[in-house]
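J.: For reference, the structure I am asking about is given below.
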Amino acid sequence: MSISANPENIKALALDLDGTIISPGVILSERTVRAVKACRQRGLRIIIATGRSIKSTEPFRAALGAEGPLIYFNGAVVLDMPGGRLLRATLLDKEAAAFCVELSRETGAYFQVFFPDGDISVGGNIVFMTEREMPEREMYFKHSGIRAELGDLMDALGRPGLEGCIKGMFLAEPDVQALLRTKLEDRFGNSVYIAQTLRNFLEVMDSKVSKGEGLKLVMDHYSLKSEEVMAFGDEENDLPMFAVAGFSAAPSNAKDCVKAAANVVVGSNAEDGVAAFLEEFFDL
């Protein structure tokens, strides 16, 4: 496929991490780092847009040298990096989080929650908790480098002064996810945002959260027009970002619905597809 965009008009790249520029095995290749840094040297803004937490994103942010407003937790948090100044935080209502805890207890599905302990910033504390020691806890640690604390989630959600959660997250097989999604939609309708972000990840956030909303904020910050932004992503949580950016690209390993929505399909994340595209498109 070809893309009808002029490289000279592109001023920013919005980059998903997992499944897009991170290779299998959670590896950010030297080729990808070189390509992104070469884009930075051309004056392009590099906007990381990830479902990851601040802490688990930091090694990749530092390697890419990305600075300025970045999108975390699928848009629930936008921080100006590397200083960590909070630009926006949109929290999930505690009632919705508590319902997810009840679903987890009822179905046996693994569930974990991120919630703030004071200010949300690099210097602030984000509590990451689950209730049960299950294989999924270690699976997520291997993926992200962070391990959930063990504790009673209902007690944690009932802590005085807690306004809400950043996001809740089920780790379950797709058939279980389908059941969970149905129960959540029956209970809350459109008042929560539900997104599958990896095969086993089902994330629950406030309805006003999305990578698209996060990208709008960053674009306003830089006074960027839609046609000046190119977005890259592979999962359904990237679709709102595609709708905001003027141009979009998906790796060949992306979900079919994401490839269908993209202006161009590039090589897979296993073969540095995004890096190869950037090299050719910008003549790096």
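J.: Hey, GLU236 hits all of (1) outside the structural domain of ILE48 (by TED's automatic domain parsing); (2) in contact with a Cys (Cβ under 9 Å, 6 or more places away or on another chain) but one; which does it fall short on?
T.: Answer for GLU236: the failing condition is (1).
J.: Ok, one more. Let me spell it out: the conditions are (1) under 30 Å from VAL192 (Cβ atoms); (2) surrounded by 15 or more Cβ atoms within 10 Å (Cβ to Cβ); (3) not β-branched (Val, Ile, Thr), and ARG85 meets all of them except one. Which number is the exception?
T.: It is condition (2) that ARG85 fails.
J.: Go through (1) of a type outside the set (Lys, Arg); (2) touching a Leu at 6+ places or on another chain (Cβ under 6 Å); (3) assigned to a loop (DSSP other than H, G, I, E, B) for GLY161 and report which single condition fails.
T.: The one condition GLY161 does not meet is (2).
J.: (1) at pLDDT below 90; (2) among the polar types (S, T, N, Q); (3) closer than 18 Å to PHE115 by Cβ: which one isn't true of SER144, the others all being true?
T.: (1)
J.: Would you confirm whether or not region 72-94 contains a residue that is under 28 Å from ASN253 (Cα atoms), in the same structural domain as ALA195 (by TED's automatic domain parsing) and among the small types (Gly, Ala, Ser)? Walk me through it before giving the result.
T.: Step one: of region 72-94, the residues under 28 Å from ASN253 (Cα atoms) are 72-78.
Going one step further and asking which of them are in the same structural domain as ALA195 (by TED's automatic domain parsing), we end up with none.
Within region 72-94 (the criterion being under 28 Å from ASN253 (Cα atoms), in the same structural domain as ALA195 (by TED's automatic domain parsing) and among the small types (Gly, Ala, Ser)), the answer is no, since none of the residues qualifies.
J.: I would also like to ask the following. Tell me the residue from GLN196, GLN177 that is closer than 17 Å to ALA109 by Cβ and over 14 Å from the mean Cα position of the chain (by Cα), please.
T.: Just one listed residue meets the conditions, GLN177.
J.: Just the residues that are of a type in the set (Ser, Thr, Tyr) and either surrounded by fewer than 24 Cβ atoms within 10 Å (Cβ to Cβ) or in contact with a Cys (Cβ under 9 Å, 6 or more places away or on another chain) (or both), please, taken from region 208-233.
T.: TYR222, SER223, SER226
J.: Mind telling me which of the residues ALA249, ALA254, ALA261, ALA243 ends up being closer than 21 Å to MET219 by Cβ, at pLDDT 95 or above and crowded, with 24+ Cβ neighbours inside 10 Å? Spell out how you get there, then give the answer.
T.: On the way: ALA254 fails: closer than 21 Å to MET219 by Cβ; ALA261 fails: crowded, with 24+ Cβ neighbours inside 10 Å; ALA243 fails: crowded, with 24+ Cβ neighbours inside 10 Å.
After ruling out the rest, the residue left standing is ALA249.
J.: Okay, moving on. Restricting attention to region 88-114, report how many residues are farther than 16 Å from GLN177 by Cα, surrounded by fewer than 21 Cβ atoms within 10 Å (Cβ to Cβ) and of a type outside the set (A, V, I, L, M, F, W, C).
T.: Qualifying residue count for the region: 4.
J.: Testing PRO24 on (1) at pLDDT below 95; (2) touching a helix residue (DSSP H, G or I) at 6+ places or on another chain (Cβ under 7 Å); (3) more than 23 Å from ASN253 (Cα to Cα); (4) not polar (S, T, N, Q), one condition comes back false. Which one is that?
T.: Tallying (1) at pLDDT below 95; (2) touching a helix residue (DSSP H, G or I) at 6+ places or on another chain (Cβ under 7 Å); (3) more than 23 Å from ASN253 (Cα to Cα); (4) not polar (S, T, N, Q), PRO24 fails exactly one: (3).
J.: Restricting to region 184-207, name every residue that is surrounded by fewer than 16 Cβ atoms within 10 Å (Cβ to Cβ) and farther than 19 Å from GLY233 by Cβ.
T.: GLU185, ASP186, ARG187, GLY189, ASN190, SER191
J.: Answer yes or no: is there a residue in region 33-51 that is outside the structural domain of GLU227 (by TED's automatic domain parsing), buried (at least 16 other Cβ atoms within 10 Å of the Cβ) and either under 15 Å from LEU215 (Cα atoms) or aromatic (Phe, Trp, Tyr) (or both).
T.: Of all residues in region 33-51, those outside the structural domain of GLU227 (by TED's automatic domain parsing) come to none.
Checked region 33-51: no residue is outside the structural domain of GLU227 (by TED's automatic domain parsing), buried (at least 16 other Cβ atoms within 10 Å of the Cβ) and either under 15 Å from LEU215 (Cα atoms) or aromatic (Phe, Trp, Tyr) (or both).
The values are calculated or read from the model by the stated rules, or taken from the named source; none is laboratory data. Because the structure is a prediction, the values reported are computed rather than measured. A quick note on method: Cβ atoms are made from the backbone with ideal geometry, for glycine too, and the neighbour counts reach across all protein chains shown.
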